[in-house]
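Reviewing the structure listed below.
The values are calculated or read from the model by the stated rules, or taken from the named source; none is laboratory data. These figures come from a predicted structure and were not determined experimentally. Please note: Cβ atoms are built from the backbone with ideal geometry, for glycine as well, and neighbour counts cover all protein chains shown.
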């Protein structure tokens, strides 16, 4: 999985840099100040990659999660048991009622 994550990271980075370069070149051709053009190109490329590169970004995030947690392949994390939060709250409230002085 490490090789696939590395390849995904490389492809994702190259596409983002390509988007940035194209937008920057277009902005510089319009005689925009280079510093402002670079900032605008960075924002536009960030937005474009967020919108259009969802699949590679999710693959990269999944690979990083697996590498961080040392798991070979995790399909999905199991959700918490339904109502567990409410049950915990009820337990705490019941315990505090037992500690309260009786009238």
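Residue-wise test of (1) at pLDDT 85 or above; (2) exposed (fewer than 10 other Cβ atoms within 10 Å of the Cβ); (3) at negative phi.
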residue	(1), (2), (3)
41	yes, no, yes
50	yes, no, yes
64	no, no, yes
75	no, yes, yes
82	no, yes, yes
89	no, no, yes
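In the list 15, 36, which residue meets the criterion of being assigned to a helix (DSSP H, G or I), within 30 Å of residue 67 (Cβ to Cβ) and in contact with a helix residue (DSSP H, G or I) (Cβ under 9 Å, 6 or more places away or on another chain)?
So the residue among 15, 36 that is assigned to a helix (DSSP H, G or I), within 30 Å of residue 67 (Cβ to Cβ) and in contact with a helix residue (DSSP H, G or I) (Cβ under 9 Å, 6 or more places away or on another chain) is 15.
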